[in-house]
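Read through the structure below, which is laid out as structure tokens, and then see the notes.
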Amino acid sequence: MQNNNFISHEIDGVVFMTSALLDAHGVRHAFSTRLGGVSQGAQASLNLDHKKDSAANVRQNHLRLAQAVGYQPEAAVSTHQIHSDIIRIAQPADAGLHLAGPTPYECDALITNQPGRPLIAYAADCIPILLCVPGEAVAAIHAGWRGTQADIAAKTVRRLQSVWQIEPQNCLAAIGPGIGPCCFSTHADVPEAMRQAFGEEAMQFIRPDSAEPGKFLVDLKAINAWRLQQAGLLADNIAISPECTCCLPDKYWSHRFTKGERGGQAAVISL
């Protein structure tokens, strides 16, 4: 992978990251942090997740992020994540629903070929992935370990191919901040799930955890990058954020670090 540089921005107190790879192609996108919002307590401060916060706070935080990044919040379409491989084509009627609460539909990836229809996926250790075929289509993906096992990233590329005939070699991917192999220590069920899904080749991204015998360290970002290449993306068109959310709890929410008492950040992209 090349051009793994991610750039920090602060606008009106809102801190977010962008991928230099997508920036170089003029793609409007962002990976939010927990900095720059109005929420308090465990959700302080730019919480974009409705689960444990007031609707008013979450709405205000979404408006702040949209203002900083430069997209229309009422036009944006959001996932409602269930750790699945459901891919939804963003609909006009979906726009702005995230400002009031969780959406009535469920999906873990969104795609669109409509300019000015930003897509939002959420994360707090799980891996956020943004795809773009410049001038043609974009996608926002939430890939936890179950979504990774279900191959949601590669399936989203194939869905873009089938619906809008995109060429995978023209697709750009930014894999955002998420839990790294430094912190994602699991029992044998996760490695076994990856082996069953992808064969022995998946084990190159998993190693024994020397600190906890019987457990394993899993590199979800690398697995998703590998699967994107298997779907036809060029290695040079995949950027991976080096930041681990669990290592940086003052910058990002981490479900593991906080034992579930947390808010959520977002990845957003617009054609």
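The values are calculated or read from the model by the stated rules, or taken from the named source; none is laboratory data. Keep in mind it's a predicted model, so treat the numbers as computed, not measured. Don't worry about glycine lacking a Cβ; one is built from the backbone with ideal geometry, like all the others, and counts go over all protein chains shown. Accessible surface areas use protein heavy atoms only, side chains included; no ligands, DNA or RNA. Shrake-Rupley method; radii C 1.70, N 1.55, O 1.52, S 1.80 Å.
Of the residues SER39, SER19, which is touching a residue at least 60 places away in the same chain (Cβ under 8 Å) and closer than 24 Å to ALA137 by Cα?
SER19
Looking at segment 1-50, which of its residues are small (Gly, Ala, Ser), modelled with pLDDT of 95 or more and touching a helix residue (DSSP H, G or I) at 6+ places or on another chain (Cβ under 9 Å)?
Passing the criteria: GLY13, ALA30, SER32, GLY36, GLY37, SER39, SER45.
Could you tell me how many of the residues in segment 158-175 are β-branched (Val, Ile, Thr) and either assigned to a helix (DSSP H, G or I) or touching a Leu at 6+ places or on another chain (Cβ under 7 Å) (or both)?
Of the residues in that region, 2 qualify.
Which condition number does MET194 fail, the rest of (1) open to solvent by less than 10 Å² (accessible area, probe 1.4 Å); (2) closer than 20 Å to ASP236 by Cα being met?
With (1) open to solvent by less than 10 Å² (accessible area, probe 1.4 Å); (2) closer than 20 Å to ASP236 by Cα applied to MET194, the lone miss is (2).
Only one of SER32, SER39 is of a type outside the set (A, V, I, L, M, F, W, C), surrounded by 14 or more Cβ atoms within 10 Å (Cβ to Cβ) and within 13 Å of SER241 (Cβ to Cβ); which?
SER32
Which residues, taken from segment 128-173, are touching a Pro at 6+ places or on another chain (Cβ under 9 Å) and aliphatic (A, V, I, L, M)?
VAL133, VAL138, ALA140, ILE141, ALA143, VAL157, LEU160, LEU172
Consider only pairs whose beta carbons are under 6 Å apart and that are at least six residues apart or on different chains; among these, list those whose first residue lies in segment 141-161 and is touching a residue at least 12 places away in the same chain (Cβ under 8 Å) and hydroxyl-bearing (Ser, Thr, Tyr) and whose second residue is outside any helix (DSSP H, G or I) and surrounded by fewer than 24 Cβ atoms within 10 Å (Cβ to Cβ).
THR156/ILE87
If we only count strands (runs of 3 or more DSSP E) wholly inside segment 47-157, which ones have 2 or more residues that are surrounded by fewer than 21 Cβ atoms within 10 Å (Cβ to Cβ)?
The strands (runs of 3 or more DSSP E) meeting that bar are 87-89.
Out of the residues in segment 220-240 that are of a type in the set (S, T, N, Q), in contact (Cβ under 8 Å) with a residue 24 or more places away in the chain and closer than 20 Å to GLN149 by Cα, which is least open to solvent (accessible area, probe 1.4 Å)?
In this case the residue turns out to be ASN224.
Output the residues belonging to segment 210-236 that are of a type in the set (A, V, I, L, M) and over 12 Å from ILE175 (Cβ atoms).
ALA211, LEU217, VAL218, ALA231, LEU234, ALA235
Could you list all residues from segment 169-196 that are among the β-branched types (Val, Ile, Thr) and in contact with a His (Cβ under 9 Å, 6 or more places away or on another chain)?
Residue satisfying the conditions is ILE179 alone.
In segment 162-173, how many residues are over 11 Å from LEU228 (Cβ atoms) and either buried (at least 17 other Cβ atoms within 10 Å of the Cβ) or modelled with pLDDT under 95 (or both)?
Qualifying residue count, segment 162-173: 1.
Quickly run through segment 176-231 and pick out the residues that are of a type in the set (Lys, Arg) and in a strand (DSSP E or B).
Once the filter is applied, which keeps residues that are of a type in the set (Lys, Arg) and in a strand (DSSP E or B), segment 176-231 yields only ARG207.
GLY176: farther than 22 Å from ARG28 by Cα, of a type in the set (Gly, Ala, Ser) and touching a Pro at 6+ places or on another chain (Cβ under 9 Å), yes or no?
no
Identify, please: which residue in segment 207-219 is of a type in the set (A, V, I, L, M) and under 21 Å from the mean Cα position of the chain (by Cα) and is, among those, surrounded by the most Cβ atoms within 10 Å (Cβ to Cβ)?
Looking at the filtered set, the residue picked out is VAL218.
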